[in-house]
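Data first, discussion second: the structure below is written as structure tokens.
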Amino acid sequence: EAVSEYTASVQFVTSCGTISAFPWEENFDGISSGIPVCWDNAEGTSTNYKWTSYASGHEGRGLRFNCYNNSSGNTNFLKTPALAISKAAVLSFYYKNPAGGDFSVFYSVDGGAQTALLSGLTGVSEWTLKEQNLPEECIGHEVVIIFKGTSNYGYGDAYIYLDDVTVEELSDCLKPTGAIVV
């Protein structure tokens, strides 16, 4: 008869399902290296320079892409988990990009083809909130948001920073306007 020893700690990873509860937010505070589980940054032209955890995000930790010790034109694509968008939704995130490496945002409704959502997010030295409605094409699909960093062999603070990514489905109710207080 064999007896095994009891262990008090077990770690495991479950498969990544599609996110359908909104608002959905990733603030990156729960990681100290790499990227969150279920995110992907395997695609790009550089295997050495990818989006990775950074201690000083907008509030708490964030992510950054190295544009400095990185030849111009190297890219890395940071992809969210799949998001089941059922009605009009808005994407918001904080970013800064002091040295001007190209920072663009795309979306995919089929897991492959990427459509541009935002571009020209360069030359921003302070944390800046960016909000963008997702196109109607996203409604009824599993959508992946893609953050693309492209290096420019920048100077000094030559990183692209990202934090507090949120996708929120909009209410079916109209926003009140012309309120009068009596």
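First compute the accessible area of the chain with a 1.4 Å probe, then give the percent of it belonging to carbon and sulfur atoms.
48
Please compute the per residue accessible area over the chain with all protein chains in place, 1.4 Å probe, rounded to a whole number of Å². Present the calculation step by step, with values, prior to reporting the outcome.
Numbers: 10370 Å² over 182 residues.
Accessible surface, normalised per residue, equals 57 Å².
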ask   = Where is the GNM fluctuation largest for the chain (alpha-carbon springs, 10 angstrom cutoff): 82, 99, 21?
value = 21
ask   = Given labels modelled 7 Å from the Cα in the Cβ direction, how far is it in nm from residue 5 to residue 139?
value = 5.9
note = Rounded to one decimal in nm, the spacing of the 7 Å Cα→Cβ label points at residue 55 and residue 153 is 3.0
task = Identify the residues of the stretch 112-133 with backbone N under 20 Å of a label point that sits 7 angstrom from the Cα of residue 25 along the Cα-to-Cβ direction, or state none.
result = 127-133
ask   = Out of 71, 121, 84, whose Cα points farthest toward the positive end of the dipole of the chain (charges: +1 Lys, Arg; -1 Asp, Glu; placed on Cβ)?
value = 71
inquiry  = In the chain, if the dipole is taken from +1 on Lys/Arg beta carbons and -1 on Asp/Glu beta carbons about the Cα centre, which of 170, 112, 140 is farthest to the positive end?
reply    = 112
query = Which label marks the calculated value of Rg/Rh (Cα atoms, Kirkwood Rh), given the options (1) 1.27; (2) 1.07; (3) 0.99?
reply = (2)
query = Lys pairs in the chain, Cα-Cα under 27 Å, at least 8 apart or on separate chains: how many?
reply = 15
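The values are calculated or read from the model by the stated rules, or taken from the named source; none is laboratory data. In this text the structure is predicted, and so the values were computed from the model without any measurement. Note that each Cβ is placed from the backbone with ideal geometry, even for glycine, and that neighbours are counted across all protein chains shown. Heads up: the accessible areas ignore ligands, DNA and RNA and are worked out on the full protein's heavy atoms, side chains in. Shrake-Rupley method; radii C 1.70, N 1.55, O 1.52, S 1.80 Å.
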